[in-house]
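What follows is a short report on a single structure.
The values are calculated or read from the model by the stated rules, or taken from the named source; none is laboratory data. Nothing here was measured: the structure is a model prediction, and the numbers come from that model. Neighbour counts run over all protein chains shown; Cβ positions are idealised from the backbone, glycine included. Note: accessible area is taken over every heavy atom of the protein model, side chains too, but ligands, DNA and RNA are not part of it. Shrake-Rupley method; radii C 1.70, N 1.55, O 1.52, S 1.80 Å.
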Amino acid sequence: MAASTNTEVPQSNKPTEELASAVIRFAGDSGDGMQLAGTQFTDTSAIFGNDVATLPDFPAEIRAPAGTVAGVSGFQINFAASDIHTPGDEVNALIAMNPAAFKAHIDDVQQGGIIVVNEDEFTKINLRKAGYPEGYNPLDDEKYDNKYRITKVPITRLNEETLADTGMSAKDIGRCKNMFALGLIYWLYQRPIDTTVSYLEDYFGKKKKLPAVAEANVKTLKAGYFFGETTEMFPVRFHVARAPVAPGKYRKIGGNEATAMGLATAAQLASKTLVYCSYPITPASDVLHSLAAMRNFGVKTFQAEDEIAAMCAAIGVSFAGQLGVTGTSGPGLALKSEALNLALMMELPVVIINVQRGGPSTGLPTKTEQSDLLQALYGRNGDSPAVVIAAQSPGDCFNTAIEASRLAIKYMTPVIMLTDGYIGNGAEPWRIPNVEDLEPIEISHPVFDEKVEWHPYQRDENLSRPWAIPGTKGLQHRIGGLEKAHITGNVSYDFENHQFMTDLRRMKVEKVADSIPDLEVHGEASGDLLLVGWGGTYGSILTATDRAQAAGKKVSCIHLRHLNPMPKNLKSILGNFKQILVPELNTGQLRMILRGKFLVDARGLNKIAGKPFLVEEIEDAIKIVLNGELGDREYLTPRLHKVDINDQDIDLAKFGINAVRL
Amino acid sequence: MPEKELNVLKPKDFASDQDVRWCPGCGDYAILNQVRRICAKIGQTRENSVFISGIGCSSRFPYYMETYGMHSIHGRAPAFASGVKLANPGLDVWQVTGDGDGLSIGGNHLLHVLRRNFNIKIMLFNNRIYGLTKGQYSPTSEEGKKTKSSPMGAIDMPLSPLSVALAAEASFVARAVDVDKDLGEVLERAAKHEGSAFVEIYQDCNVFNHHAFKYATDKDSKEDHILRLEHGKPMIFGKDRDKGIWLDGNRKPRVVELGKGIQADDLLFHDEHDESLSFLLSRMTYPEFPEPMGVFYQIEDECYENLLQKQVDDAIEAKGKPDLQALFNSGDIFEVK
Ligand SMILES: Cc1ncc(C[n+]2csc(CCOP(=O)(O)OP(=O)(O)O)c2C)c(N)n1
Ligand code: SF4
Ligand SMILES: [Mg+2]
C-alpha cells in the first residue's frame, strides 16, 4: 500500500523550494466542495508521510445565500516535515474560489503569502454578494498585490473546457471545479494525486454508482495538475519532506471518529454491547453517524427524541448491564443534567460525551470553545460529584473514550468526557494500536449466593457498589433518585445518613485519583512560569512552550486530562513555579478552580472567539507575564490575533456605546 | 430469595419487604394487588421483571414489587425503559406513570415509546390530579377544575390519554378502573401483548380528588356509565343491559335503548383491530356517553428492540465477525519504517 501511494511526482523543470512546513487553506462557497478538497489534501499529505493537523471551518448556516461571506466554508491544513500540534497560525497559501472567500480569509494570510483565486468568479454580481462596494474589485487593488503573491486562475472556465466533451450538464461540470483547484495545489506542493484518484473512483464510481462523475473529477484533477506544470504562472514549487515519526502503521483519524472507535473498543474490552443513545446536535452528530455505521461490531445506536431521553436511555442500558453512552454538545448537556444526577445517585456506569461548541444558549454551533467545563463539573442540583476527563487531540479522543468507559465501570459512576468542535472535527495521523496491547476492562457482576448477605449499596475497596443486573436470580432490588440508605439502598430520609452518603459519593469520586497517572511536566520541574491547559488547547500550548524554551526561557507546561478528580501531584507542581498562566477558550473556568482549590495566583489567557489559540497569542502572553507587565490583571485576551497589555480594556465608545451607568 | 424448585409463584412472592405508603383508601393499592396477581398468574419471574416509574404517588410502585425496579425522574420513565429493552430485549419491562408524569412533563417520551413499539407494558394511573405535590390540576383534570393552583377553575382543555396513545401509533390501547373486576383481565392481555401496551387506569386519589370516577365505580349506577368492550360483540351496556351504542347516518355514535325498533344486531360491533373505531371510542366521555372500558385497540407489529437486534445480526452476518483490528485499519494506511 505504502509503495503505491508514495509515488514520486513526475519530473518537472520548475525550481523547488524546500519548506519545513506549510499552512494552506481552501475557501469557497459552501457548495464549492472545499471540505472535500481539504480532506483529500490531508489524506494525501498524511499518506505521503507528513505530520498534519487540520481545522475545518463550516458556515454557521447550512443554506446561507450562495456567494455571501456567511456562506463561506474553509478547510485549513498544516503539514510538516516535523512533529506539529496545531493547524498553524498564519496561512501560507489561500485558495479562494470566490470573492466572499477572499474577503473572509485574506486577513489570515501571512505577508508574502500565496493566493490562488478563481478569477472567473470575481464578477460584478459576486463582488456585490460578497459585500464589496460597487465598482471595487480587490484583485485590482494594489494594496493586496503589494502584500501577497496573487495568482489569478480562470478555474471555472478551465474546468468547463476540460469537461466540455463529457456530455455532463453545466451544473454537474461546475461541481467538479474543486478538483481542478486541488490538482493545481497538488502540483504546487508536489503531492502525489493517486490517493485522490482512487478515492474518486471508489466514492463516485463504486459507492454512488456514477462512473461518469468519477471520470470527470479525475480528469479535471489531472488537468489542474498539468496546468500548474505547463503554465508560467507559478515560478516555483514547494516541497515539504516526510516527518520523522515513530515507526509503525498510521492512518488519518478525526476526533469524533476516534471517539466512536474508542467507545466501540471499550465495549469489546469490557465484553459488553455498546448502546449509544444520542440526539443530533452540531458538532457531536458525527459520533452518532460513525457508530450507526458500526452495527457489525455489535454496536447499537438509538436516536432518541431529545437529549433527555438519550441520557435516560443510556442509563437504562447500564441498569440492564450493557455499556450505555450518550453524546451531545453544550445545550444538550444542559438538558441531560437531571438524569445525569440520577445516574450519580443510582451509582450506575454511564459515559456522557460533550463535544463543546460556542455558548451560551445556541451560541456558535459550528465554532469551538471550552466553556462547558463548569457545566460539566457543577451544572447539576445538589452536591453532585461527577468524574470529568478531557481529550487533548483528535487521536487522543480514542484513548479518552476508553478511559472514560473504564473509570465509569470501575467506580460505578457517570463520567463526562469533554472534547470540542476543534478536535472533534480536526484530524491528525494516528498510530494504529494493536488490539492485543489494549488492557481488558474487568467487570464482575454479582450472582446470588444463599450463604452470603448481599445488598445493592454495599461497597468494595474502591467504594464502588455492585453492578447487579436484571435477569440475575435472587438479586432483585430497586433503585432511584431518592436518598439511599447506606448498604441496603432502601429509601432513607435520615439526616445523618444523608450527610454520610453525600460524603461517600464525594470520596468515591476522589478515589478515582488512585487510578489516574501523575502529571508529567513538559520542561523543567520548576521555573519562572507554568502554563496549565486542558483539552483541545494542548497543541498550541505545547508549541508555544517549546518555542519559549528554545528561546532560553524558564517556561514549562502541564496539560490536564483529568478535571475531576485532578491528579494527585498537581498541587506540588503548581508550587514549583513563580507564576502560573492558564490559557483557555473560555473566560477562566479552570483558572477559577485552580485558584479556589489550591489558593494559587493563577492568571489567564482567555479567548472566546470561536477559534482555537494561535501559538503566537500564547507566545505574546508568555512574554507579557515574564516581563512582569501583568500587574494585578487577572487575565489577558487576544484581540485581532495579538495579545497586547495595552489593548485589554474594551472601549465601549468604539462600539457606539457612550454613556453607561454602572 | 431464589425461586423454589417448582417455580410456582404466588402474588405475595411479588411483594417486596417495603411498607406500602400510599394514603389509606388510595386506588393504587388495588392496582398493585392486581399487578402482583397477574405477574404470578402468567408465570413471569421476579428476576426477569423490571418495573420502571417516573415521579408521583403512582411512581412509588416499583418499591413494592419484589422484582428489579427503578424509580426514575419525573416524566422520563419511557426512556429508561427503552434503554433497558435496548440492552436486554428478553426482560419483562413494565412502566408505571401518572397523568402528570406521563402526559405533562413526560408527554414527549410517551409518544415516542409508543410509536417505536418497544415491548413495554405502560400503566398510566389517571387520578386527574397531581397527587404527590398535593393537589394541583393535571392534563386530565376537567375544565373549570378548582384546585390550589386553579382557584378560579382550570382553563386548560383536558386531553384524552387514549386518543393520544392511538395517535402515537400504540399497538395496544386499553382502559380499566382501579377497583373494577376487569382490571386484571386487561392487564393480563397487556402483559401478553408483544409490543408497547398502553393501559389507562382510572385511579381514585382519596385525598386530593376523591370520587373523580364515582360514576364509574358506584355499585348501583356504574353499569349505566361504562361500556365493557368485547371484541366482535355489539356494544351493549346498562345495569339491565338494555342500552347500546348505535352509529347514526353521520357516523356519530348515539346512545339508544334496545327493544324499541333497535336490535342488538343493529348496534355498533367492537373490532379491536379497527383504528378509527378505537379512536371514536376514545372520544366518548361521561356524561354524554358511557365510557368504554377494556381493550380498545390491538394489532401485531414488530418491536423496536427486535428490529434493532436484527440489524446488528444482519450486519454481522453480512460483514463477518467483529474485528477491531480491521476497524482500526480501515481507511488509508501508511507505514513508517
Ligand atoms: C423535574 C420535576 N419537576 C417537578 C417535580 C414535582 N412533582 C413530583 S410528582 C408531580 C406530579 C405528579 O402527578 P402525577 O404524575 O399525576 O402522579 P400522582 O402523584 O398523581 O400519582 C410533580 C409536579 C419533580 N419531582 N421533578
Ligand atoms: S395523595 Fe392521592 S394518589 Fe397520592 S397516595 Fe394519597 S390518595 Fe393516593
Ligand atoms: Mg395524578
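Please work out the Cα center distance from segment A:469-537 to segment A:569-588, rounded to the nearest Å. Taking the Cα centre of each part, segment A:469-537 and segment A:569-588 sit 24 Å apart.
Mean residue ellipticity, 222 nm, helices only, chain A: the sum of -39500 (n - 2.57) across DSSP H runs of n ≥ 4, divided by residue count and rounded to 500, is -10500 deg cm²/dmol. Partners of B:K337 within straight-line reach, counting lysines whose Cα lies under 30 Å from its Cα and excluding those fewer than 8 residues away in the same chain: A:K249, A:K252. With the alpha-carbon atoms of segment A:251-437 aligned to their principal axes, the span from lowest to highest coordinate is 43, 37, 27 Å, starting with the largest. Derived value for segment B:219-321: Kirkwood hydrodynamic radius 16.0 Å. Basis is the mean of 1/r over every pair of different alpha-carbon atoms. Taking label points 7 Å from Cα along the Cα-to-Cβ direction, A:Y493 and B:K181 give a separation of 4.0 nm. Going by the alpha-carbon gyration tensor, a ≥ b ≥ c the square roots of its eigenvalues, is segment A:294-365 rounded (a/c under 1.5) or, if a/c is not under 1.5, prolate (a/b greater than b/c) versus oblate? In terms of gyration-tensor shape, oblate.
Protein heavy-atom accessible surface, 1.4 Å probe, per residue over segment A:229-297: 33 Å². Surface composition of segment A:1-155: carbon plus sulfur atoms hold 50% of the accessible area, using a 1.4 angstrom probe and ignoring ligands, DNA and RNA.
Based on the alpha-carbon gyration tensor of segment A:16-237 and its eigenvalue square roots a ≥ b ≥ c, which shape applies: rounded if a/c is under 1.5, prolate if not and a/b is larger than b/c, or oblate?
Working: a/c = 1.41, a/b = 1.07, b/c = 1.33.
Since a/c stays below 1.5, the shape of segment A:16-237 is classed as rounded.
Let me check I've understood the local charge: for B:L308, count other residues with C-beta under 13 angstrom from its C-beta, Lys and Arg +1, Asp and Glu -1. What total comes out? Intermediate results must be reported in sequence, preceding the final value.
Numbers: positive: A:R295, A:K300, B:K85, B:R116, B:K310; negative: B:E302, B:E305, B:D313, B:D314.
Combined, the nearby Lys, Arg, Asp and Glu give +1.
Surface composition of segment A:527-636: carbon and sulfur atoms hold 48% of the protein heavy-atom accessible area at a 1.4 Å probe. Residues whose amide H comes within less than 5 Å of that of A:G480, counting only those at least five positions distant or on another chain, are B:H71 (H built at 1.01 Å from N in the peptide plane).
Averaged over the residues of peptide B:276-289, the number of Cβ atoms from other protein chains lying within 10 Å of each residue's Cβ is 0.
Taking Cβ atoms as reference points and 10 Å as the exclusive limit, the residues near A:E160 contribute a net charge of 0, counting Lys and Arg as +1 and Asp and Glu as -1.
Distance between the pseudo-spin-label points of A:K571 and A:Y136 (7 Å out from Cα toward the beta carbon): 5.9 nm.
Rounding to the nearest 20 debye, state how big the charge dipole of segment A:524-662 is about its Cα centre with +1 on each Lys and Arg Cβ and -1 on each Asp and Glu Cβ.
Details: 19 positive and 16 negative charges, 97 e Å.
Approximately 460 debye in magnitude.
Residues whose amide H falls under 5 Å from that of A:G28, counting only those 5 or more places apart or on a different chain, are A:S73, A:M97, with hydrogens built in the peptide plane. The distance between label points at B:Q311 and A:K597 comes to 3.9 nm (points 7 Å beyond Cα on the Cα→Cβ vector).
Over segment A:307-448, Cα pairs under 8 Å with separation of 6+ residues give a relative contact order of 24 percent. For segment B:65-81, a drop of 20 Å² or more in accessible area on going from the chain alone to the assembled protein chains (1.4 Å probe) is found at B:E66, B:T67, B:Y68, B:G69, B:M70, B:H71, B:I73, B:R76, B:A79, B:F80.
In segment B:106-138, which trypsin sites (Lys or Arg not before Pro) fall in coil by DSSP and have 14 or fewer other Cβ atoms within 10 Å? It would help to have the intermediate numbers written out before the result.
Working: sites: B:R115, B:R116, B:K121, B:R128, B:K134; in loops: B:R128, B:K134.
Loop-located and lightly packed - B:K134.
The mean accessible area for residues of segment A:527-636, using a 1.4 Å probe and ignoring ligands and nucleic acids, is 36 Å² per residue.
For each pair in A:K272/A:K484; A:K511/A:K568; B:K41/B:K192; A:K152/A:K177; A:K177/A:K367, compute the distance between the two Cα atoms and list the pairs where it is over 20 Å. Over 20 Å apart, Cα to Cα: A:K272/A:K484; A:K177/A:K367. Total buried accessible area between B and A, probe 1.4 Å, nearest 100: 5800 Å².
With the dipole of chain A worked out from charges on the C-beta (+1 for Lys and Arg, -1 for Asp and Glu) around the Cα centre, which of A:T259, A:L504, A:A404 lies farthest toward the positive end? Highest projection toward the positive end goes to A:L504. Couplings for segment A:235-250, taken from phi via the Karplus curve 6.51 cos²θ - 1.76 cosθ + 1.60 with θ = phi - 60°, read x, 10, 10, 10, 9, 10, 6, 5, 8, x, 8, 4, x, x, 8, 10 Hz in order; Gly and Pro are left as x.
Accessible area per residue for segment B:11-212 is 33 Å², calculated with a 1.4 Å probe on protein heavy atoms, without ligands, DNA or RNA.
Among residues other than A:A270 with Cβ under 9 Å from its Cβ, the summed charge is +1 (Lys and Arg +1, Asp and Glu -1).
Mind ordering A:530-536, B:75-81 by average Cβ neighbours within 10 Å, highest first? Mind showing how you got there, number by number?
Working: A:530-536: 28.3, B:75-81: 31.0.
Packing proxy ranking, top to bottom: B:75-81, A:530-536.
Computed from the C-beta positions of A:N434 and A:A653, the FRET efficiency with R₀ = 45 Å rounds to 0.15.
Relative to the Cα centre, what is the charge dipole magnitude of the protein assembly as shown, using +1 at the beta carbon of each Lys and Arg, -1 at the beta carbon of each Asp and Glu, and rounding to the nearest 20 debye?
Numbers: 106 positive and 129 negative charges, 160 e Å.
Taking the Cα centre of the protein assembly as shown as origin, the dipole is about 760 debye.
Can you tell me the orientation of helix B:77-87 relative to chain B, as the angle in degrees between its alpha-carbon axis and the longest Cα principal axis, to the nearest 10? Helix B:77-87 sits at roughly 40 degrees to that axis. Here's the list of aspartates and glutamates a cross-link from A:K147 could span, going by alpha-carbon distance under 17 Å and ignoring same-chain residues fewer than 8 apart: A:E90, A:D107, A:D108.
Compute the Rg/Rh shape ratio of the protein assembly as shown: radius of gyration over Kirkwood radius, all on alpha-carbon atoms. Working shown, then result.
Numbers: Rg = 33.2 Å, Rh = 31.9 Å.
Dividing the radius of gyration by the Kirkwood radius yields 1.04.
Our estimate of slack between A:H641 and A:E161, defined as 0.36 nm per intervening residue step minus the Cα-Cα distance, is 168.6 nm.
Within chain A, which is the longest segment that contains none of the GluC sites (Glu not before Pro) sitting in a DSSP loop with at most 13 other Cβ atoms within 10 Å? Could you put the intermediate results ahead of the total?
Working: sites that count: A:E8, A:E61, A:E134, A:E232, A:E442, A:E450, A:E453, A:E461, A:E520, A:E629.
Of all site-free stretches, the longest is A:233-441.
Here's how it looks for A:K578: its modeled amide H is under 5 Å from those of A:G527, A:D528, A:L529, which are all 5 or more places away or on a different chain. With the convex hull built on the Cα atoms of segment B:258-305, state its orientation-averaged projected area in nm². The orientation-averaged projected area of the Cα hull of segment B:258-305 comes to 4.9 nm². Estimate the FRET efficiency between A:T231 and A:D528 by the formula 1/(1 + (r/R0)^6), using the beta-carbon distance for r and 60 Å for R0, to the nearest 0.05. The value I calculate is 0.65. For B:K12, a cut-off of 20 angstrom between C-alpha atoms picks up these aspartates and glutamates, skipping any fewer than 8 places away in its own chain: B:E3, B:D28, B:E47, B:E66, B:D92, B:D178, B:E185, B:E188.
Remark: C-alpha extents of segment B:11-212 on the principal axes read 49, 35, 29 Å, sorted largest to smallest.
Counting only other chain Cβ atoms within 10 Å of each residue's Cβ, the peptide A:38-50 averages 1.
Rounding to the nearest 20 debye, state how big the charge dipole of segment B:1-101 is about its Cα centre with +1 on each Lys and Arg Cβ and -1 on each Asp and Glu Cβ.
140
Would you be so kind as to list the residues of segment B:316-334 that have their accessible area lowered by at least 50 Å² in the full protein complex compared with their chain by itself (1.4 Å probe)? Relative to the lone chain, where solvent access is computed with a 1.4 Å probe, segment B:316-334 loses at least 50 Å² at B:P322, B:L324, B:Q325, B:L327, B:F328, B:D332, B:I333, B:F334.
Taking all protein chains as present, what is the carbon and sulfur share of the accessible area of segment A:308-351, in % to the nearest whole number, probe 1.4 Å?
The C+S portion of the solvent-accessible surface of segment A:308-351 is 65 percent.
Per-residue shielding of A:317-328, expressed as the average number of other chain Cβ atoms within 10 Å of the residue Cβ, stands at 4. Averaging Cα coordinates gives a centre for segment A:415-446 and one for segment A:326-351; these two points are 20 Å apart. Cross-linked pairs B:K121/B:K146; A:K129/A:K171; A:K336/A:K611; A:K554/A:K611: Cα-Cα separations exceed 22 Å for B:K121/B:K146; A:K336/A:K611; A:K554/A:K611.
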